[in-house]
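Shown next, in structure tokens, is the structure this report addresses.
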Amino acid sequence: MKQLLVSLSEGRSYEITISRGILARCGEEIRKVYHGNEVAVITDSNVGPLYAKTVLDSLKAAGFSVKSLSFPAGEASKNMDTLVQLYDGLLTPYPFSITRGGLIVALGGGVTGDMVGFAAATLFRGIPFVQIPTTLLSQVDSSVGGKVAVDLKQGKNLAGAFYQPKAVLIDPDTLNTLPDRVFADGMAEVVKYGLIGDRELFELLESCDGREELSVRIEEIIFRSCDQKRRVVEEDEQDTGWRMVLNFGHTLGHVYEKLGNYSRYMHGEAVSCGMVSILRMGEAHGLTAPGTATRAETLLSRLGLPVKAEEIPAELLRQTLAYDKKGSGSEITAVFCKEPGEAFLHKMPRAEFADWAEELA
């Protein structure tokens with residue numbers, strides 16, 4: 001078992017626990033942080049058949065009254081319509097209607113964690129919740145840090161809040177049921193952590209040959225990724241400064257996701273393309289050490305990730321970048337990487353960033 005404490009003010013600190021088999025013990029773990037009686041578990045149509053019973057049985061064994069809700073899996077469900085359906089399900093009287101004294105569990109990947117967290121943050125102006133991430137991407141990234149949101153037609157995660165969970169329970173065994181594409185999708189965020197602040201992690205990934213070797217080191221990989229995010233979140237919880245570094249590769253990645261209608265690219269796949277693009281952009285303008293982009297591209301390709309997105313029409317690129325949250329007015333805060341393990345923030349005009357991006361076509 002590995003544990004990390006996310007240390008925040010005003011009683012909002014919480015532990016990340018990484019332990020094989022913790023799903024079957026989640027009831028006793030949740031008892032440590034929640035002393036009420038009613039727990040609602042929300043999952044999706046992929047994860048529910050695999051793990052919902054294990055979680056519900058553990059909660060019942062710990063003495064909780066439980067109810068469960070499910071929604072169709074996929075980014076296409078991460079919207080206001082699904083959110084309203086979750087509110088309705090939580091408030092349905094059978095077997096109980098959730099109150100502010102209840103607890104919500106998000107069981108699933110990044111879409112589930114983001115959307116369920118936003119439901120918890122907004123229903124009754126806040127209900128406590130616990131993250132139980134079941135994909136690699138959600139375990140190393142989205143379940144930690146308290147960013148919760150849904151997508152709008154204008155872009156990804158535009159309606160959201162900062163709302164910290166009471167605990168994050170990570171079971172590496174859930175990764176065994178992931179298809180290779182979904183596992184690789186999560187590895188994109190791990191590579192991001194290596195590039196922005198952990199050169200040793202980046203080199204560890206380079207030394208592993210295939211999923212089997214990565215799986216042998218997976219607890220260390222998850223721990224190092226979560227630890228890096230923990231440190232960034234503790235320094236800048238509200239994403240007004242240094243936390244923006246976590247968006248490395250995401251500025252263009254979110255563009256690729258949106259213009260692919262959230263179906264062509266998975267999140268990590270889009271971020272993979274975005275990281276290579278920003279590294280090549282940085283090299284072209286003297287901000288990134290020569291060869292860094294090729295090194296990252298080699299690693300990402302070996303992990304089974306795409307490294308170049310389809311060409312985006314210039315006008316669509318500029319329209320989508322206008323909604324990017326990392327900046328204000330005509331400026332954007334871009335995240336560049338000097339070399340593996342060293343990232344930095346760079347304020348620049350949105351129009352200039354778009355010009356640089358168009359040069360890559």
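Residues Y256, Y265: which one is touching a Pro at 6+ places or on another chain (Cβ under 8 Å) and either over 19 Å from F183 (Cβ atoms) or in the same structural domain as R350 (by TED's automatic domain parsing) (or both)? It would help to see each step written out before you state the result.
Numbers: Y256 fails: touching a Pro at 6+ places or on another chain (Cβ under 8 Å).
Residue meeting the stated conditions: Y265.
Give the stretch 194-220 a look and list any residue that's β-branched (V, I, T) and over 21 Å from T174 (Cα atoms), or say none.
We begin by selecting, within the stretch 194-220, every residue β-branched (V, I, T); these are 196, 216, 218.
Selection gives I196 alone.
Among the helices (runs of 4 or more DSSP H) lying completely within the stretch 270-361, list those that include at least 2 residues that are more than 23 Å from the chain's Cα centre (by Cα) and within 21 Å of D198 (Cβ to Cβ).
Details: elements: 292-302, 314-321, 350-359.
Per the criteria, 292-302.
Within the stretch 307-321, can one find any residue that is surrounded by fewer than 17 Cβ atoms within 10 Å (Cβ to Cβ) and closer than 28 Å to E212 by Cβ? Break it down into steps so the answer makes sense when it comes.
Keep residues of the stretch 307-321 that are surrounded by fewer than 17 Cβ atoms within 10 Å (Cβ to Cβ), which gives 308, 310-311, 313-316, 319.
Narrowing further to those that are closer than 28 Å to E212 by Cβ: 308.
Yes, the conditions are met somewhere in the stretch 307-321.
Can you work out which of the residues in the stretch 26-36 that are out of contact with any Asp or Glu (no Cβ under 9 Å at 6 or more places or on another chain) and not acidic (D, E) is surrounded by the fewest Cβ atoms within 10 Å (Cβ to Cβ)?
H35
Take the residues in the stretch 219-239 that are surrounded by fewer than 19 Cβ atoms within 10 Å (Cβ to Cβ), under 14 Å from G146 (Cα atoms) and out of contact with any strand residue (DSSP E or B) (no Cβ under 7 Å at 6 or more places or on another chain); name whichever of them is modelled with the lowest pLDDT.
D239
Conditions: (1) outside any loop (DSSP other than H, G, I, E, B); (2) touching a Leu at 6+ places or on another chain (Cβ under 8 Å); (3) of a type in the set (V, I, T). V148 meets all but one. Number of the miss?
(2)
For the stretch 177-195, check the following and say yes or no: at least one residue is at pLDDT 95 or above, of a type in the set (S, T, Y) and under 26 Å from A343 (Cβ atoms).
Within the stretch 177-195, one or more residues are at pLDDT 95 or above, of a type in the set (S, T, Y) and under 26 Å from A343 (Cβ atoms).
Which one of A270, A188, A184 is more than 24 Å from L345 (Cβ to Cβ) and either surrounded by 20 or more Cβ atoms within 10 Å (Cβ to Cβ) or touching a Lys or Arg at 6+ places or on another chain (Cβ under 7 Å) (or both)? Reasoning before the result, please.
Values: A270 fails: more than 24 Å from L345 (Cβ to Cβ); A188 fails: more than 24 Å from L345 (Cβ to Cβ).
So the residue among A270, A188, A184 that is more than 24 Å from L345 (Cβ to Cβ) and either surrounded by 20 or more Cβ atoms within 10 Å (Cβ to Cβ) or touching a Lys or Arg at 6+ places or on another chain (Cβ under 7 Å) (or both) is A184.
Need pairs with beta-carbon distance below 6 Å; first residue closer than 19 Å to G282 by Cα and within the stretch 192-215, second surrounded by fewer than 17 Cβ atoms within 10 Å (Cβ to Cβ); sequence gap 6+ or separate chains.
none
Inspect all residues belonging to the stretch 113-128 and state whether any of them is among the hydrophobic types (A, V, I, L, M, F, W, C), touching a Lys or Arg at 6+ places or on another chain (Cβ under 8 Å), assigned to a helix (DSSP H, G or I) and more than 25 Å from S58 (Cα to Cα). Break it down stepwise before answering.
Residues of the stretch 113-128 among the hydrophobic types (A, V, I, L, M, F, W, C): 115-116, 118-121, 123-124, 127.
In the following step, the residues that additionally are touching a Lys or Arg at 6+ places or on another chain (Cβ under 8 Å) were identified as 115, 124, 127.
Next, from what is left, pick out any that are assigned to a helix (DSSP H, G or I): 115, 124.
Subsequent filtering for residues that are more than 25 Å from S58 (Cα to Cα) retains 124.
Within the stretch 113-128 (the criterion being among the hydrophobic types (A, V, I, L, M, F, W, C), touching a Lys or Arg at 6+ places or on another chain (Cβ under 8 Å), assigned to a helix (DSSP H, G or I) and more than 25 Å from S58 (Cα to Cα)), the answer is yes, since at least one residue qualifies.
So how many residues does the stretch 1-18 have that are crowded, with 17+ Cβ neighbours inside 10 Å and more than 19 Å from the chain's Cα centre (by Cα)?
Result for the stretch 1-18: 0.
The values are calculated or read from the model by the stated rules, or taken from the named source; none is laboratory data. Quick caveat, the model's predicted, so the values are computed rather than measured. Here the Cβ is made from the backbone with ideal geometry for all residues, glycine too, and neighbour counts use every protein chain on show.
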